[in-house]
Amino acid sequence: KIDAQNPVDEKMWSEILPYKDSLDKTANVPLAISDTILTKTAGESDLGNLMCDLVLKKSRDYCNCQVDFTFLNTGGIRLPNLPKGNITLGQMIELMPFDNRVTIMNVSGKTLDTLFNYMASKGGWPVSGARYKIKNKSAFAVEINNAPLDVNKNYVLAVSDYLAQGGDNCDMLKQIPFTDTKKTLRDALIEGLKEMNARGEHVKSIIDGRVQKIE
């Protein structure tokens, strides 16, 4: 048991310390500054919005093509919040600890209709480039690129390879071919934050109604 009544094992601590010092120097590097606390919640959240917005922007850079939208599964966001102030590399590693890669796929509107209803049944997942409303655990008023979802049209989706292969029960996606950008979601977040900081922009809490729950 580790508690205040048990002294530090000095031999073990001497073994760990060089690695901890080295890791701290890397992990504590600031990437950007947040003006507010960013919090994960079911449905729309400022943390989910930020992450999706960064992934959408960087996915377009990675494939040099027009990506219509992206989404993340709420369970894949591994921190409950990011604090006000410096956002560090270490926090990005904790937030997105897995090496899931950004993939690009062409998806039919009919398949996306199934996807949005699934996201609604889970209480709503974060998106960027899209909007939807939820009632009785079903999605309606779905929009992509500010236009109603057309079930007869194909769309370009940026999504993690985990979800593209049917992870978190996204079975509607797993038979669709995808292109692997060789970049991780974590890469997209880190690069996106660095670019914001280079432009002199601070991270701000944004809730814009892209996921709305209607009683």
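The values are calculated or read from the model by the stated rules, or taken from the named source; none is laboratory data. For clarity, every value in this text was computed on a predicted model and none was experimentally measured. Backbone-built Cβ (ideal geometry, glycine too); neighbour counts: all protein chains shown. Please note that ligands, DNA and RNA were not included when accessible areas were found on the heavy atoms of the full protein model with its side chains. Shrake-Rupley method; radii C 1.70, N 1.55, O 1.52, S 1.80 Å.
Restricted to the range 29-40, and to residues there that are modelled with pLDDT of 95 or more and assigned to a loop (DSSP other than H, G, I, E, B), the residue that is surrounded by the most Cβ atoms within 10 Å (Cβ to Cβ) is K40. Does any residue of the range 9-28 turn out to be acidic (D, E), part of a loop (DSSP other than H, G, I, E, B) and open to solvent by 60 Å² or more (accessible area, probe 1.4 Å)? Yes, some residue in the range 9-28 is acidic (D, E), part of a loop (DSSP other than H, G, I, E, B) and open to solvent by 60 Å² or more (accessible area, probe 1.4 Å).
Select, from R101, R131, the only residue that is of a type outside the set (A, V, I, L, M), open to solvent by 50 Å² or more (accessible area, probe 1.4 Å), at pLDDT 95 or above and touching a Gly at 6+ places or on another chain (Cβ under 9 Å). So the residue among R101, R131 that is of a type outside the set (A, V, I, L, M), open to solvent by 50 Å² or more (accessible area, probe 1.4 Å), at pLDDT 95 or above and touching a Gly at 6+ places or on another chain (Cβ under 9 Å) is R131. Taking the criterion of being over 20 Å from the mean Cα position of the chain (by Cα), open to solvent by 40 Å² or more (accessible area, probe 1.4 Å) and among the β-branched types (V, I, T), the only residue of the range 142-193 that qualifies is V151. Per the conditions (1) touching a helix residue (DSSP H, G or I) at 6+ places or on another chain (Cβ under 8 Å); (2) outside any helix (DSSP H, G or I); (3) more than 21 Å from A42 (Cα to Cα), the sole criterion not satisfied by M172 is (2). Annotation: K110 fulfils all but one of (1) surrounded by fewer than 17 Cβ atoms within 10 Å (Cβ to Cβ); (2) under 19 Å from the mean Cα position of the chain (by Cα); (3) of a type in the set (K, R); the unmet one is (2).
How about the range 45-125: which strands (runs of 3 or more DSSP E) wholly inside it have at least 1 residues that are of a type in the set (G, A, S)? Here the list reads 85-88, 101-108. Within the range 41-66, the set of residues being of a type in the set (S, T, N, Q), open to solvent by 20 Å² or more (accessible area, probe 1.4 Å) and more than 21 Å from D161 (Cα to Cα) comprises just one member, T41. Among the residues of the range 176-213, those identified as assigned to a loop (DSSP other than H, G, I, E, B) and either modelled with pLDDT under 95 or touching a Pro at 6+ places or on another chain (Cβ under 9 Å) (or both) are K204, S205, I206, R210.
The set of residues in the range 59-89 that are touching a residue at least 60 places away in the same chain (Cβ under 8 Å), within 27 Å of S22 (Cβ to Cβ) and not hydrophobic (A, V, I, L, M, F, W, C) contains only T88.
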